[in-house]
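As structure tokens, the structure follows; a few thoughts come after it.
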There are 2 protein chains.
Amino acid sequence: MTTPRPQGVPILRLGDVLVTGLLNELDDKSALLFTDELTERIVSDSARGVLIDISRLEIIDSFVARTLMELTTMSRLLGARVIVAGMRPAVAITLVELGIRLTGVETALNAEQALTALGWQRTLEAPGHDLVG
Amino acid sequence: MTTPRPQGVPILRLGDVLVTGLLNELDDKSALLFTDELTERIVSDSARGVLIDISRLEIIDSFVARTLMELTTMSRLLGARVIVAGMRPAVAITLVELGIRLTGVETALNAEQALTALGWQRTLEAPGHDLVG
């Protein structure tokens, strides 16, 4: 088993939170792969939360919207809470203008706020370089 | 400016910490692109910390090791602390056997511990679904 052909964004594990993202080239096949991988990882990593960063998406069509809604529902069935973060203002405008809905999908302004909602807290000060030596 | 051809892993911003990763197919060109993008993002996002997840890397040769060392030094010059997280045991063994050094590169067992070192804290309990409604 060598390189499993990285389609899209890898899934990073931060404790019981999985962090991933969507790229522009989401077609039927990669959406299916993404859904499969994410749900499997939720189970294998016992994830309680999922952060999906969409700041790279320049457009959300009805297909992507449906994918996000389905992912949210599936994850919830597996016991994980999904937050979609980083939607561009232009994307939000287009969504409303086209009448596309993201029913049931929880959103956050950016990845930082989503991670905070999922139970991570930024402490006041990051440890400095002196710790590195 | 449309799709900027996503080579490898996107860079996610979590407050003043950038989170990214390396994939297996790191050649000269993509290493250069990665270095460029990361250093630019450190400046534009005023990042204080960088988490590089390498759990997907199945091998680290001297080229990848040098890239990681250079990235660490460059980032430090820009005021950001780099932590490389998630090295596979087999990779660590190979590194030592081949005598490849990661001089100056700070490592962590996994992304979670790296993020903690960079100033994020996991709170006791993730907010449950009842908040979603």
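What average count of beta carbons from other chains do you get within 10 Å of the Cβ of residues in B:114-121?
Numbers: counts 1, 7, 5, 3, 4, 7, 10, 5.
That works out to 5 on average.
The other copies place their B:Leu78 label points at 3.3 nm from this one, listed shortest first, where each point is 7 Å from Cα along Cα→Cβ.
Distances between equivalent label points of B:Leu32 across the copies, with each point positioned 7 Å along Cα→Cβ, amount to 3.8 nm, shortest listed first. Simple point charges give the picture: +1 on the Cβ of Lys and Arg, -1 on the Cβ of Asp and Glu, and for chain A a dipole about the Cα centre of about 220 debye. Karplus-based coupling profile of region A:56-69, in residue order and whole Hz: 8, 6, 9, 8, 10, 8, 5, 5, 5, 4, 5, 4, 5, 5, with θ = phi - 60° in 6.51 cos²θ - 1.76 cosθ + 1.60 and x standing for Gly or Pro. Buried between B and A is an accessible area of approximately 3800 Å², summed over both sides with a 1.4 Å probe. If you run the Gaussian network model on chain B, springs between alpha carbon atoms under 10 Å, then out of B:Gly49, B:Gly119, B:Gly21 the most flexible one is B:Gly119.
This model, with +1 at the C-beta of Lys and Arg and -1 at the C-beta of Asp and Glu, gives the protein assembly as shown a dipole about its Cα centre of some 260 debye.
Close amide-amide hydrogen proximity is noted between A:Gly21 and A:Val9, A:Asp53, each under 5 Å apart and 5 or more residues distant or on a separate chain (H modeled in the peptide plane; Pro and chain starts excluded). Only protein atoms count toward the accessible area here, which uses a 1.4 Å probe; on region A:11-62, the carbon and sulfur part of that area reaches 51 percent. For A:Phe63, the point set 7 Å out from Cα toward Cβ sits 3.4 nm from its twins in the other copies, listed from shortest up.
Selection among A:Leu109, A:Thr35, A:Ala65 by position relative to the dipole of region A:12-117 gives A:Leu109 as farthest towards the positive end (Cβ unit charges, Cα centre). Sorting the Cα pairs of region B:12-117 by distance into bins of 10 Å, from 0 upward, gives 15, 52, 30, 3 percent per bin. Residue by residue along A:15-27, Cβ atoms of other protein chains within 10 Å of the local Cβ number 3 on average. Largest GNM mean-square fluctuation across A:Glu70, A:Glu37, A:Glu97, computed for chain A with C-alpha springs under 10 Å, falls on A:Glu97. Look at the stretch B:100-107: the mean tally of other chain Cβ atoms within 10 Å of its residues' Cβ atoms is 1.
The values are calculated or read from the model by the stated rules, or taken from the named source; none is laboratory data. What you see is a predicted model; the values in this text were computed from it and never measured. Note: ideal-geometry Cβ built from the backbone for every residue, glycine included; neighbour counts use all protein chains shown. Please note that ligands, DNA and RNA were not included when accessible areas were found on the heavy atoms of the full protein model with its side chains. Shrake-Rupley method; radii C 1.70, N 1.55, O 1.52, S 1.80 Å.
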